[in-house]
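A.B. asks: Right, I'll just put the structure down here and ask away after.
The values are calculated or read from the model by the stated rules, or taken from the named source; none is laboratory data. Worth saying up front: this structure is predicted, and the values here are computed from it rather than measured. Note that each Cβ is placed from the backbone with ideal geometry, even for glycine, and that neighbours are counted across all protein chains shown.
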């Protein structure tokens, strides 16, 4: 089972991303749609198409970094990114009216649920997850917010540019391990 | 690394040549050709490596402590240099104001995040400001308090244009020691503050053009008006949310 | 008791500020003031070198029948000179305050060039509140 975190600037540029694997077992769900795919799905887009349909396919194993962990459908890196970016529309819709920073389960796609956290400065933290863990995610977002803020306060960091700090990376990973 | 190395190499000049000559003789330092010679001399004199003592930015507390106050004089000198530096690189008053605005903007995005964090981080469900008028109020009080230590003096709404708002400061601290010469009399150094306000509004999702204007009165010779001209989208959104 | 005039002389001996507050001394042209300031700069240097006790900050008061000249030398070599009537006792204090006003309204002003004549509204108004509004 995995979690995917993306930090997006107000102009929707990704400035940091993290994939976090937990050893907790995942329930395998099969999506019947995959069997109905037409033959042209074996073309160059096959991977994406099958992934979007939620199927587990042999072609994906090349892209998966998780090693021994069993992957569900749609675990391809580019698919994950697409789901995260697609959820932006929903997040922007919700954040116009909601004043809460933590937006719980704003979007769903196949097995993925998308939760988000919007900072006062309009940075969006997007988390793709498969299971429900409300309190953990709340604490996780809170820590990422603090770490992000400290990054911002560094005079050598230009706002809204990719975060390259290794300390930031280590801390976010530690936080993910703790709460997710 | 660079930042720490500078003062050390200077202090090694003062500490005399005995330490550095000892290093050249020792075989261990000879192999590390690219390390700065002064760094080991510091660690030998102090007993512990200095670099490790310096807290990482991620280890520091974000809450304001009493020692975090900055001297107003130090800031006045720094800001004076900022204006002089900028003035050498621009072609006119508008350009100068625009650059000061840009500098303030960089401060503003940080101020916004930090200020809200300090106010909301202890809460279970932290909130953002989504309506314009409360946001404007919070700029008038919270942002001013965070940046200048006291709230601004007034908020006004333009009578002629419904997309214009004004924040008024009777004695802006950053201009307290500045006397603008007559040939530049349209210049307002509060453009810097305008930049801070613009960044905060932008961050909260109310894009606007923010400018600063000197509006002196008999009583308050350095009275300044920060003029906020909102983008159309903000007004439309407020209409929808009503 | 009267304060006649305030001068500020930069470290090279140039007069960067001069203002009269009361009548009582001869009226001079601005050129003559410049020459006098340069002369005082030289005299001050002589007094500090002639001092028998080694290092000296130079003359502090020059007194005459009709006026008293009080000199404040700052750490950076700028001189504040106050011309008063002989019985005036507040001269040192006024000079300290003038120095303070100079540090605030002149040195922190981005539009002032160091060692050049002082043209700052902020400094003028600080001196106004300190000594008086100027020409009687």
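A.B. asks: With the requirement that a residue be assigned to a helix (DSSP H, G or I) and either facing chain A (nearest Cβ under 10 Å) or in contact (Cβ under 8 Å) with a residue 40 or more places away in the chain (or both), what does segment B:116-137 give you?
C.D. replies: Within segment B:116-137, the first condition is being assigned to a helix (DSSP H, G or I), and the residues that meet it are B:116-120, B:132-137.
The answer is B:116, B:117, B:118, B:119, B:120, B:132, B:134, B:135, B:136.
A.B. asks: May I pose another question? Any idea which of (1) out of contact with any helix residue (DSSP H, G or I) (no Cβ under 9 Å at 6 or more places or on another chain); (2) within 21 Å of residue B:191 (Cα to Cα); (3) without any contact (Cβ under 8 Å) to a residue 40 or more places away in the chain; (4) surrounded by fewer than 20 Cβ atoms within 10 Å (Cβ to Cβ) is the one residue B:164 doesn't satisfy?
C.D. replies: All conditions are met except number (3).
A.B. asks: Give C:117, C:86, C:136 a once-over and let me know the one that is surrounded by fewer than 17 Cβ atoms within 10 Å (Cβ to Cβ), within 19 Å of residue C:15 (Cβ to Cβ) and either at pLDDT below 95 or within 14 Å of chain B (Cβ to nearest Cβ) (or both). If you could, list the steps in order and put the result at the bottom.
C.D. replies: On the way: C:86 fails: within 19 Å of residue C:15 (Cβ to Cβ); C:136 fails: within 19 Å of residue C:15 (Cβ to Cβ).
Only one candidate qualifies: C:117.
A.B. asks: Would you mind finding the one in B:179, B:188 that is in a loop (DSSP other than H, G, I, E, B), within 11 Å of chain C (Cβ to nearest Cβ) and within 20 Å of residue B:81 (Cβ to Cβ)? Quick ask: steps written out before the conclusion?
C.D. replies: On the way: B:188 fails: within 11 Å of chain C (Cβ to nearest Cβ).
Checking each option against the conditions leaves just B:179.
A.B. asks: Report yes if some residue within segment C:66-74 is without any contact (Cβ under 8 Å) to a residue 40 or more places away in the chain, within 14 Å of chain B (Cβ to nearest Cβ) and either in a helix (DSSP H, G or I) or farther than 30 Å from residue B:72 by Cβ (or both); otherwise report no. Outline the logic, then answer.
C.D. replies: So in segment C:66-74, the residues without any contact (Cβ under 8 Å) to a residue 40 or more places away in the chain come out as C:68-74.
Still in the list and also within 14 Å of chain B (Cβ to nearest Cβ): none.
No, the conditions are met nowhere in segment C:66-74.
A.B. asks: If you take just the strands (runs of 3 or more DSSP E) that sit entirely in segment A:87-143, which of them hold at least 1 residues that are at pLDDT 90 or above, buried (at least 21 other Cβ atoms within 10 Å of the Cβ) and touching a strand residue (DSSP E or B) at 6+ places or on another chain (Cβ under 9 Å)? Explain how you work it out, then say what you get.
C.D. replies: Values: elements: A:102-109, A:112-118, A:124-129.
It comes to A:112-118, A:124-129.
A.B. asks: Looking at segment B:139-153, which of its residues are over 25 Å from residue A:143 (Cβ atoms) and either surrounded by 13 or more Cβ atoms within 10 Å (Cβ to Cβ) or within 14 Å of another protein chain (Cβ to nearest Cβ) (or both)?
C.D. replies: First pass over segment B:139-153, keeping only residues over 25 Å from residue A:143 (Cβ atoms): B:139-141, B:143-145, B:147-153.
Within segment B:139-153, B:139, B:140, B:141, B:143, B:144, B:145, B:147, B:148, B:151, B:152, B:153 qualify.
A.B. asks: Considering only segment A:132-172, how many residues are more than 9 Å from every other protein chain (Cβ to nearest Cβ), touching a residue at least 60 places away in the same chain (Cβ under 8 Å) and within 18 Å of the chain's Cα centre (by Cα)?
C.D. replies: Of the residues in that region, 5 qualify.
A.B. asks: Do we find a residue being at the interface with another protein chain (Cβ under 8 Å from one of its Cβ atoms) and either part of a helix (DSSP H, G or I) or touching a strand residue (DSSP E or B) at 6+ places or on another chain (Cβ under 8 Å) (or both) anywhere in segment B:88-99? Quick ask: steps written out before the conclusion?
C.D. replies: So in segment B:88-99, the residues at the interface with another protein chain (Cβ under 8 Å from one of its Cβ atoms) come out as none.
No; the residues of segment B:88-99 include none that is at the interface with another protein chain (Cβ under 8 Å from one of its Cβ atoms) and either part of a helix (DSSP H, G or I) or touching a strand residue (DSSP E or B) at 6+ places or on another chain (Cβ under 8 Å) (or both).
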